[in-house]
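Working notes for the structure below.
Derivation of every value follows stated rules applied to the coordinates shown; laboratory data play no part. Treat the numbers as computed from the prediction; the structure is a model and nothing was measured. So basically every Cβ, Gly included, is an ideal-geometry build from the backbone, and we count neighbours across all protein chains shown.
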Amino acid sequence: MAFKSPAGHLAWARARRRNRGGSALLLALFFLVALFFLARAFQVLIPQEMRAALRMATDTQASLMADAGIQKTMAWIEFELSNGREIASVTTRPGW
């Protein structure tokens, strides 16, 4: 078995540490690039999601307004019929 001097062992350890320092730098760079792409994806997706949410809110509001109009019309028809009026005479006006 060959005997290594302490100086040679220290030089080998330093060289090995330098190599690991380079790999840590590459790993840090990889994570920075990955975080950049993740941030960019969010930058693109968030406005699209906001538009979709606004469109859904508008659709829901329109649906609820249409339902309310139908309910109001049905209540009006029931009221007119309960007072003995004919719907045809109420809805038809001269000139229509």
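Once you have the Cα-Cα distance between PHE37 and THR58, take 0.36 nm times their residue separation minus that, and quote the gain in nm to one decimal.
4.3 nm
Residue by residue, the range 43-57 carries 3J(HN,Hα) couplings of 4, 7, 6, 4, x, 5, 5, 5, 5, 5, 5, 5, 5, 5, 5 Hz when phi is fed to the Karplus relation 6.51 cos²θ - 1.76 cosθ + 1.60 (θ = phi - 60°); x denotes Gly or Pro. With the simple spin-label model, which puts each label point 7 Å out from Cα in the Cβ direction, the LEU25 to MET50 separation comes to 4.0 nm.
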